[in-house]
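Asks: Mind having a look at this structure? Questions to follow.
The values are calculated or read from the model by the stated rules, or taken from the named source; none is laboratory data. If you're wondering where the values come from, they're calculated on a predicted model, not measured in any experiment. Neighbour counts run over all protein chains shown; Cβ positions are idealised from the backbone, glycine included.
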Amino acid sequence: MAALFRRKKKDSEDDKKAKAKKLEPVKEPVKSIQDLKASARPSKLVPSPVVDEKIKQAVVRKKVAASENEKQVSAKLVKAPPPAPQPVYRETPRELPDSYGDNHIYLMVRDPHWLYSYWEIQKDYHEAKLRELGGNWNEVNAVLRVYDVSDENHKTFYDVYLHGIVKNWYLNVEPNHSYYVEIGLLHRDGRFIALACSNRITTPRAGMSEVIDEHWMGIDFDKMYALSGGFQVGKSSAELQKMMEERLMGAISSGSGAGLLSSMASPVKIPGKKRGFWFILDCELIVYGATEPDARVTLQGREIKLRPDGTFSLRFALPDGHYVLDAHAYSADGIEERIITPVVDRRTERPAPILKPTD
Amino acid sequence: MEKGLLSIVLHAHLPFVRHPEHSYFLEENWLYEAITETYIPLIHMFEGLERDRVPVRLTMSLTPPLISMLRDPLLQDRYLRHIHQLIELAGREIDRTRFQPEFHETALHYYWEFTRARDTYLNRYNRDIVGAFKRFQDNGQLEIITCGATHGFLPLVNRTEAAVRGQIVTSVRQYESVFERKPLGIWLPECGYYGGVDKFLKNVGIRYFLTDTHGILHASPRPKFGVFAPIYCPTGVAAFGRDMESSKQVWSALEGYPGDFDYRDFYRDVGFDLDYEYIRPYITPDGIRVNTGIKYYRITGRTDHKEPYVRRHALEKTASHAANFMFNREKQSEHLYDFMGRKPLIVSPYDAELYGHWWYEGPEFLNFLVRKMAFDQKTVRLVTPMDYLRMYPINQVSTPSMSSWGYKGYAETWLSGANDWIYLHLHKATLRMTEMATRYRGQDGLVERALKQAARELFLAQSSDWAFIMHTGTMVPYAVKRTKEHLLNFTRIYEDLKKHQLDANWLGEIESRNNIFPEVDYQLFSE
């Protein structure tokens, strides 16, 4: 049946604002593995100015709403007492600092294949270290020297060249390995000086452990793993395909987030297909009137609540049909009854759409 | 004798959102909606089970920010204002749908639900939702576990041991004072486990925590029973892993129960659908359309066209889904029992808000499930993780893998292009907190107040919710604002303290606003 209700696609300004505020779970866009890896690029330290602007707007809007309430309240006060003398008021800064004046580097684990590192190196320290190394700026590169210390007896490293002014980096690494990182200057001739050294971390495994505990043997591990759903993280391509699809749509693996901050695609929201021009219309009926404040009024036998001044109004959705709206008013002393009966018909014609010919 | 055990765990959490500086604040609605659609219906479920003497053992985590908000008088007042508005709207809806029988019944349903919610909240529990759940724990129906103080994602927040200790000890202390007992289990925020976090759990006497499936499956040495039995970390704290099959049946956007076509559609809310003048009093005071909670349509299909919701049909479906879920757990248990030689434990954790808020019929599903399990079969029994440990105190020792139950299973949700900028600042604040706590031992007066508030601001900045929102892109400006605000407040306290220039007025202001953990112990951060 035809619905009164507005469609989501053609948003009015109100709806657009509402959308911005709505608790709408967002579906993760489908990505290929390449895209996922590519998207893990080094990022800027501070959020974009656009975000700041939006924050300011959101904060301002709230403040305006609040201050309007306050205006209404204060308008009612007859006399406000004079304000007490204020101590010197210091504004809390609005932006986080660019730097804290440290020289350090820190390493974090994101998943079996990715690390994240951020650092701060002060200009004067940088220059002092360069002097120590010997050489000038166009002979050196800033690098991250990544040490793999998984095997105590065989430490290896590789260098990642840092381009431009970066303060953080995502590193692609091996699962179940241990690493630490130095940020430093690498001279053309191969000499290296470290500016800072990071903490040491270990990446998690990407699959089953190779270690089997003698005390707890005697069971088919592979079958147990499969029954636990483990092989869905690995092997069969057709199944994997389906699993990846579901994962990417935020389906199974994402347990987190059905709290009201959900990222999970709600069971409901399916992307709408492309639709052409549309138009809906519906009718509501408002019935209003007045009588003595102490009277009793019914409409179609159901009692209506009067306002303190004896007026009333009712609003109904009005589908197609024939409506006899007998309204009875009874005086408070029970002696008199008056009846008014509007009769309403609604009928809706919906001819076929008219298409103008295009030349 | 049963062949399998089922542990359903509901994780109830909301970030701390409290804005006394505004008379209306949109994001506070998360709390009011959850109370109306999830927590009160769950209370009704437990009451019904108690009345009908249905055996039940469920597990629930109630996080400290949620507990703080539920007990806060200002937010309690605002909830009553919210539910009164809803009742008024529902009343008008009954009138408005008088000539629309396909909607009228649903309108009556909402009026009934909202008035019942208000009665439960105000008259029967005197606004004390937490007290209600405490009662269910005390009478043996429910095991309540704790969480991190502000749901900080521990694998990323652990710049110092003190930071992790702060999150865990603070929650345990709040738990003890609220529930009058010690917590036996913990829901690590986002199931975020990293090697070594169990040490902190052991120090406060916690016996178990939960991880995602691969946290157990990829443990080392290999767990003999896969995910169907817990493992003991070398410290002796037990780790329970999520079962994928039972999760999928409820969570999956493609195949899960909540997507059934007879269930209520979340998006067709009268806040958006109805005439603006009519709905104006029930949306935001600025006139922005938002969800009200009154929705008249069912999912109907993979289509934009929606049919009217018929509650009777939805409940029939709910009952059949509960039967289906139970049947699957029976089959799963029988199969595993023969293979394992020990009763398998199926652990099914969910966000509590899934039941009722996102999946409107969710609480009825749980209700039917518990009752059917009690009376319609004997293969699977409901237990809590602690019940299992009492039954099977001997378990394999193994170290779980770093993991989370977030998208893709690790830390990406909270450490990606959208939110990685946070950590430089958060970690710096963490180091400074330890610096202050170590330097200023045994303070009182204004300095003590400042240190306590610094701890609060740091806790609030550590909430994983902000990074989560930034990553998923839903209400990013608010999340960014909160992160910055708390970090800036913290930094200002730090700098004022160093210069011996504490501003008592300003401090009083933020104390009254960010008032979580009144008895916070800043000395937890000293090292």
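Asks: With respect to the numbered conditions (1) in contact with a strand residue (DSSP E or B) (Cβ under 7 Å, 6 or more places away or on another chain); (2) at positive phi, which one is the sole condition not fulfilled by B:Q462?
Replies: (2)
Asks: Hand me the list of helices (runs of 4 or more DSSP H) wholly inside the range B:9-91 holding 3 or more residues that are farther than 22 Å from B:L122 by Cα.
Replies: Counting at least 3 such residues, we get no helices (runs of 4 or more DSSP H) at all.
Asks: If only one of B:H305, B:H335, B:H313 is assigned to a helix (DSSP H, G or I) and without any contact (Cβ under 8 Å) to a residue 12 or more places away in the chain, which one is it? Break it down into steps so the answer makes sense when it comes.
Replies: Details: B:H305 fails: assigned to a helix (DSSP H, G or I); B:H313 fails: without any contact (Cβ under 8 Å) to a residue 12 or more places away in the chain.
Exactly one of B:H305, B:H335, B:H313 is assigned to a helix (DSSP H, G or I) and without any contact (Cβ under 8 Å) to a residue 12 or more places away in the chain, namely B:H335.
Asks: Still on this structure, please answer the following. Pick out, from the range B:369-484, the helices (runs of 4 or more DSSP H) lying fully within it that include 1 or more residues that are at pLDDT 95 or above and over 30 Å from B:V250 (Cα atoms).
Replies: In the range B:369-484, the matching helices (runs of 4 or more DSSP H) lie at B:422-439, B:445-461.
Asks: Can you name the number of the only condition in (1) surrounded by 24 or more Cβ atoms within 10 Å (Cβ to Cβ); (2) within 15 Å of B:P64 (Cβ to Cβ) that B:V130 fails?
Replies: (1)
Asks: Let me ask something else. Quick one: which residue in A:V166, A:V160 is within 14 Å of chain B (Cβ to nearest Cβ) and of a type in the set (A, V, I, L, M)?
Replies: A:V166
Asks: Kindly evaluate A:V143 against the criterion of being in a strand (DSSP E or B), in contact with a strand residue (DSSP E or B) (Cβ under 8 Å, 6 or more places away or on another chain) and within 14 Å of another protein chain (Cβ to nearest Cβ).
Replies: For A:V143, the condition - in a strand (DSSP E or B), in contact with a strand residue (DSSP E or B) (Cβ under 8 Å, 6 or more places away or on another chain) and within 14 Å of another protein chain (Cβ to nearest Cβ) - is not met.
Asks: Which one of these is surrounded by fewer than 17 Cβ atoms within 10 Å (Cβ to Cβ), within 16 Å of B:I144 (Cβ to Cβ) and not aromatic (F, W, Y): B:R51, B:R81, B:R71, B:R57?
Replies: Criteria check complete, one pass: B:R71.
Asks: Here is a further query. Here are B:V169, B:V178: which of them is under 17 Å from B:Q462 (Cα atoms) and part of a helix (DSSP H, G or I)?
Replies: Step by step, each of B:V169, B:V178 is checked, and only B:V169 is under 17 Å from B:Q462 (Cα atoms) and part of a helix (DSSP H, G or I).
Asks: Name, by its number, the condition in (1) within 24 Å of B:S416 (Cβ to Cβ); (2) crowded, with 18+ Cβ neighbours inside 10 Å that does not hold for B:D503.
Replies: B:D503 satisfies all of (1) within 24 Å of B:S416 (Cβ to Cβ); (2) crowded, with 18+ Cβ neighbours inside 10 Å except (1).
Asks: Quick one: in the range B:245-254, of everything that is surrounded by fewer than 22 Cβ atoms within 10 Å (Cβ to Cβ) and facing chain A (nearest Cβ under 8 Å), which residue is modelled with the lowest pLDDT?
Replies: Checking each candidate, the answer is B:L254.
Asks: A follow-up question, please. When the residues of the range B:261-270 are narrowed to those that are facing another protein chain (nearest Cβ under 8 Å) and not aromatic (F, W, Y), which ends up surrounded by the fewest Cβ atoms within 10 Å (Cβ to Cβ)?
Replies: B:D265
Asks: Let me ask something else about it. Give the range B:140-155 a look and list any residue that's among the hydrophobic types (A, V, I, L, M, F, W, C) and out of contact with any strand residue (DSSP E or B) (no Cβ under 6 Å at 6 or more places or on another chain), or say none.
Replies: B:A149, B:F153, B:L154
Asks: Check whether at least one residue in the range B:117-128 is under 19 Å from the mean Cα position of the chain (by Cα) and closer than 30 Å to B:W414 by Cβ, and report yes or no.
Replies: no
Asks: Which is surrounded by fewer than 24 Cβ atoms within 10 Å (Cβ to Cβ) and either over 24 Å from B:N515 (Cβ atoms) or in contact with a strand residue (DSSP E or B) (Cβ under 9 Å, 6 or more places away or on another chain) (or both), of B:R159, B:R165?
Replies: Residue meeting the stated conditions: B:R159.
Asks: B:R492 versus (1) more than 10 Å from chain A (Cβ to nearest Cβ); (2) in a helix (DSSP H, G or I); (3) over 26 Å from the mean Cα position of the chain (by Cα): which is the lone unmet condition?
Replies: Failed condition: (1).
Asks: Could you tell me whether B:E21 is in contact (Cβ under 8 Å) with a residue 40 or more places away in the chain and facing another protein chain (nearest Cβ under 8 Å)?
Replies: The answer is yes for B:E21.
Asks: Out of the residues in the range B:281-300 that are of a type outside the set (S, T, Y) and more than 10 Å from chain A (Cβ to nearest Cβ), state the one that is surrounded by the fewest Cβ atoms within 10 Å (Cβ to Cβ).
Replies: Only one residue tops the list, namely B:P281.
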